[in-house]
Amino acid sequence: MKKLLFFILIGGLITIYYSCSKEQSIGGPNVLGGETDIPLTVLGSVSDLYIYLGGSQVHGTMTITAKQGGICTYHALIDFTGHPDSAFYASVIPRKYFDSLGRFNYDIKMNITSEGIQEYSYDGSINNPWTIVKYNDGVGTVYPFRPGSPNIRTVTAKSTEDDFPMGFYLIKVSKVVQPYPPDDQYIDTLVFYANHKFGLVTLEVKLKSGILAKCDVRPWFLL
């Protein structure tokens with residue numbers, strides 16, 4: 001079960017790295033506007049990752065290594081050396097994702113703007129971005145992805161006051177839920193929590209067994 005939780009969280013990071021009106025944003029669910037020169041897209045910036053699996057915590061980083069408009073390349077680095085479960089992680093992650101120092105390394109691309117967050121993982125093409133969240137969209141907004149399938153992401157809640165914990169802060173968030181197909185053996189839902197200033201702040205993975213795993217993201221300018 002611990003092996004499964006780890007792969008789901010890593011998959012979630014590859015899927016996503018990175019106010020409040022009822023009206024949906026202009027241009028359709030998978031058209032993203034907004035400014036691209038924002039703190040979340042500063043070239044060379046390093047944000048922190050905190051992955052929680054049961055009682056275990058692993059620290060990692062996400063560094064922006066390239067930028068073209070809002071399309072950013074993020075380099076994920078997670079150092080398992082010295083961790084009590086380092087041998088476990090080394091056994092379940094393919095060797096090609098480790099560097100010579102035993103650290104997990106992976107590059108991903110995402111579209112990050114002042115309006116929201118998109119990812120490209122479902123077909124690998126930067127011509128087909130899929131929306132995770134648009135900050136101004138209201139509860140009930142739906143973001144379809146993977147045409148021809150029933151997969152959707154839905155805005156299920158929005159804060160009206162600062163009530164979501166992020167470290168020592170309380171912030172407003174949009175909550176976006178992505179249910180998995182009923183016939184999936186393990187996963188029930190992915191839940192994204194995002195803020196218009198800090199981007200994606202938490203990813204939760206809810207399993208059908210009732211177990212919850214999560215990853216917290218702390219942007220560089222919060223540090």
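The values are calculated or read from the model by the stated rules, or taken from the named source; none is laboratory data. These figures come from a predicted structure and were not determined experimentally. In this analysis, Cβ positions are derived from the backbone assuming ideal geometry, glycine residues included, and neighbour counts consider all displayed protein chains.
Here is a check on your reading of the model: is Ser174 surrounded by fewer than 19 Cβ atoms within 10 Å (Cβ to Cβ), under 23 Å from Ile38 (Cα atoms) and of a type outside the set (Val, Ile, Thr)?
The answer is no for Ser174.
Could you list, ordered by first residue, the pairs with Cβ atoms under 6 Å in which the first is in segment 204-219 and over 12 Å from Tyr50 (Cα atoms) and the second is among the aromatic types (Phe, Trp, Tyr) and buried (at least 16 other Cβ atoms within 10 Å of the Cβ), at least 6 apart or interchain?
Taking only residues 6 or more apart or on different chains, not a single pair turns up.
When the residues of segment 172-221 are filtered to those that are out of contact with any strand residue (DSSP E or B) (no Cβ under 8 Å at 6 or more places or on another chain) and either in a helix (DSSP H, G or I) or of a type in the set (A, V, I, L, M, F, W, C) (or both), which remaining residue is nearest to Asn136 (Cα to Cα)?
Checking each candidate, the answer is Phe221.
Quick check on my filter: what residues within segment 191-223 are hydroxyl-bearing (Ser, Thr, Tyr), modelled with pLDDT of 85 or more and either buried (at least 21 other Cβ atoms within 10 Å of the Cβ) or closer than 23 Å to Pro181 by Cβ (or both)?
Within segment 191-223, Tyr193 is the sole residue that qualifies.
Quick check on my filter: what residues within segment 43-63 are among the small types (Gly, Ala, Ser) and within 18 Å of Ile211 (Cα to Cα)?
Gly54, Gly55, Ser56
Select from segment 148-158 the residues that are under 19 Å from the mean Cα position of the chain (by Cα) and either among the small types (Gly, Ala, Ser) or at pLDDT 90 or above (or both) and list them in ascending order.
Across segment 148-158, the qualifying residues are Arg153, Thr154, Val155, Thr156, Ala157, Lys158.
Would you mind finding the one in Tyr143, Tyr122 that is touching a Lys or Arg at 6+ places or on another chain (Cβ under 8 Å), at pLDDT below 95 and closer than 21 Å to Glu35 by Cβ?
Tyr143 is the lone residue from the list that is touching a Lys or Arg at 6+ places or on another chain (Cβ under 8 Å), at pLDDT below 95 and closer than 21 Å to Glu35 by Cβ.
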